[in-house]
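All remarks here apply to the structure that follows.
The values are calculated or read from the model by the stated rules, or taken from the named source; none is laboratory data. Here the structure is a predicted model, which is why all the values come from computation and not from measurement. With ideal geometry, Cβ positions are generated from the backbone for all residues, glycine too; neighbour counts draw on all protein chains shown. Note: accessible area is taken over every heavy atom of the protein model, side chains too, but ligands, DNA and RNA are not part of it. Shrake-Rupley method; radii C 1.70, N 1.55, O 1.52, S 1.80 Å.
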Amino acid sequence: MFWLVLLIAIVALIVYKMSQKEKEKRAFFESKGIKVNNPKFFLITMFKLLTGQIGIVEMIQQIYYEVQGDPKVVGFWDGNTPIIMLKDPEVVKHFAVKEFEHFQDRRDFISEEMDPLFGNSLFVLREQKWKDMRSTLSPAFTGSKMRLMCDLIVEIGQQMVEYLQRESKEKGLQTYEMKELLSRVSHDVIATCAFGIKVDSLTHKENEVYLAGKILSDFSGVGKMMKFMFYRFFPKLMIAFGIKISPPKESDFFRTLVTDSMKYREINNVHRPDMIHLLMEAQKGKLSHGESEKDSAGFATVDESSVGWNKSGRKWTETEIVAQCFLFLLAGFESVSSSLSFATYEIGINPEIQKKLYDEIKSVSDALKGERINYDTLQKMKYLDMVVSETLRKYPPAAIIDRECNKDITLNLYNNLNFDFKKKYAVWIPIYSFHWDAKHFPNPEKFDPERFSEENKQMINPSMYIPFGIGPRNCDLDLL
């Protein structure tokens, strides 16, 4: 009986202490005139996330809508770090653009010591090293370079068409799980554009390139989530035990794939319009922006910032270059196939949209007279661009973006409401919430490509439609 009473007393004390801590956290924001969401025990929230009871989107929507009165910012805590969620378009623009120098980096969650490849990728690089890498890579992904790479993508598209035609001819009417099919197609595009190898993952389902890529890009497992969690709270311990985020076998496989290809091309003077070639040129400092590079690739795309137009004289190591191919794999494998799957679903359940898109595609196909489609022809497909833009509105690749303050500074949030930011404090920009907010997109649950017609798209606030982020760090994944 004594031990039971002691246990109950200890649990009660822990709950009391946690409750007091939550009240202190709430008072922190309220004392500064910032509305705060209802306190939630951090460990309870983490448990629900890990067990799948809630997802990151549900958590973000709770914070976004929980506070009454539609404030321009909302305060909450991520563990012991105060976060300010930005809800107003002008406030978002102010922090993402004007105050960019103070909020340049994402929160530090993976370093080179934790994972040499992921830790050196553009997505997680910080401070001057990020600026140098961005300016190094930017010329590799201009419109003129994409025109060349587009032919490689079209080849994979034709490969998919031939596979589906062959399947239906040999086996009759077929049913496909689109996420599985499109993940294989996306992988083959990445393989040819990033790694310079031709793979047919629809026909050869167990090829080692696809299987290794699938393992590396899978962040949904409990094991990998636990790794991220332990690295977040016990990074030194994880580094001491040599535990990496990415499986060593698959990481080494892709590293060898890239380095062997680079060496072969260098020795044999091989040129192929893919990412490896462009990175090799960038490494040598032979890439630069042309005078007419600022062409648009569609409404959802973003223009390169001044950071990308600067020149960097930094010499990059082999690991740092390979890391960008690695990021291409991680970013593209899941996000591209997911976006394509959502688009396919919406086209399937909206026959009017399907008919209009089919008519545009057929018209372009007839005009090509049997020739393959190319980059310039794609730019003329306005309704396709509208469908893609609406897909990225309703199903953005990232639910939020965060930015970490890099120095102690007092800034005006809005209307002379000042806030003392300390180094490591952060702001959140809730992309998903913006895209589903009826104030910005009426009837947000409806899939409506007409939002992005020539007549309507001018009414969209550019700070509220940000599928690839906002400001000079507008998504590093989009650049790749």
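So what is the diffusion coefficient of the stretch 408-467 in µm² per second by Stokes-Einstein at 4 °C and 1.567 mPa s, using a Kirkwood Rh over Cα pairs?
D = 92 µm²/s.
Please list, in chain and number order, the residues 5+ apart from ASN456 or on another chain whose amide H is under 5 Å from its amide H, with Hs placed from the backbone.
For ASN456, no residues qualify.
If you stretched the chain out fully between TRP3 and VAL97, how much longer would it get, using 0.36 nm times the residue separation minus the C-alpha to C-alpha distance?
Here the answer is 28.0 nm.
Pop out the ³J(HN,Hα) list for the stretch 276-283 in order, Karplus 6.51 cos²θ - 1.76 cosθ + 1.60 with θ = phi - 60°, rounded to Hz; leave Gly and Pro as x.
With coefficients 6.51, -1.76 and 1.60, one gets 4, 4, 5, 5, 5, 5, 5, 4 Hz.
For the chain, report the % of Cα-Cα distances exceeding 43 Å.
Everything past 43 Å amounts to 19 percent.
P(r) tail for the stretch 136-258, what percent of Cα pairs lie past 17 Å?
Here the tail beyond 17 Å accounts for 68 percent of pairs.
With a 1.4 Å probe and every protein chain left in place, work out the accessible area per residue of the chain in Å², rounded to a whole number.
51 Å²
Could you rank ARG106, ARG26, ARG232 by how accessible they are, 1.4 Å probe, largest area first?
From most exposed to least exposed: ARG232, ARG26, ARG106.
List the residues whose amide H sits under 5 Å from the amide H of ILE401, counting only those 5 or more places along or on another chain, with H placed 1.01 Å from N in the peptide plane.
Close amide H contacts, sequence-distant or interchain: ILE429, ILE431.
If you take all C-alpha pairs in the stretch 311-351, what percent of them are over 11 Å apart?
Tail fraction, whole percent: 72.
Nearest 10 degrees is fine. How inclined is helix 56-66 to the longest principal axis of the chain, computing both from alpha carbons?
With both axes taken from Cα atoms, the answer is about 50 degrees.
Roughly how many Å is it from the Cα centre of the stretch 317-355 to that of the stretch 235-288, as a whole number?
21 Å
How large is the dipole of the chain about the Cα centre if only Lys and Arg carry +1 and Asp and Glu carry -1, each at its Cβ, rounded to the nearest 20 debye?
1260 debye
Within the set of other residues whose C-beta is less than 14 Å from the C-beta of GLU371, count the net charge using Lys and Arg as +1 and Asp and Glu as -1.
-2
Quick check: the angle from helix 382-394's long axis to the longest principal axis of the chain, C-alpha only, nearest 10 degrees?
20 degrees
For the stretch 431-441, in order, what is each residue's ³J(HN,Hα) by Karplus, 6.51 cos²θ - 1.76 cosθ + 1.60 with θ = phi - 60°, in whole Hz (x at glycine and Pro)?
My calculation for the stretch 431-441 gives 4, 4, 5, 4, 5, 10, 8, 5, 5, 9, 9 Hz in order.
Would you rank LEU279, LEU368, LEU148 by solvent-accessible area, highest first, keeping every protein chain in place and using a 1.4 Å probe?
Descending order: LEU148, LEU368, LEU279.
Let me know the shape class of the stretch 364-478, please: from the alpha-carbon gyration tensor, a ≥ b ≥ c as square roots of the eigenvalues, rounded when a/c is under 1.5, otherwise prolate if a/b is greater than b/c, or oblate.
Judged from the Cα gyration tensor, the stretch 364-478 comes out prolate (a/c at least 1.5, a/b above b/c).
At q = 0.24 Å⁻¹, what log₁₀ I(q)/I(0) does the stretch 30-102 have when each alpha carbon counts as one equal point scatterer in the Debye sum?
Treating every Cα as an identical point scatterer, log10 I(q)/I(0) equals -1.17.
For LYS72, which lysines qualify as cross-link partners when the Cα separation must be under 16 Å and same-chain residues fewer than eight apart are set aside?
Counting by Cα, and skipping residues close in sequence, LYS72 has these lysines nearby: LYS32, LYS35, LYS87, LYS93, LYS439.
Ignoring GluC sites (Glu not before Pro) that are buried or in helix or strand per DSSP, and keeping those with at most 10 other beta carbon atoms within 10 Å, what is the longest stretch of the chain between them?
1-176
Specify the angular offset, from 0 to 90 degrees and rounded to the nearest 10, of the alpha carbon long axis of helix 248-268 from the longest principal axis of the alpha carbons in the chain.
Around 40 degrees separate the two axes.
Looking at the square roots a ≥ b ≥ c of the eigenvalues of the Cα gyration tensor of the stretch 42-162, which shape do they give, rounded for a/c under 1.5, prolate if a/b is larger than b/c, or oblate?
Cα axes put the stretch 42-162 in the prolate bin.
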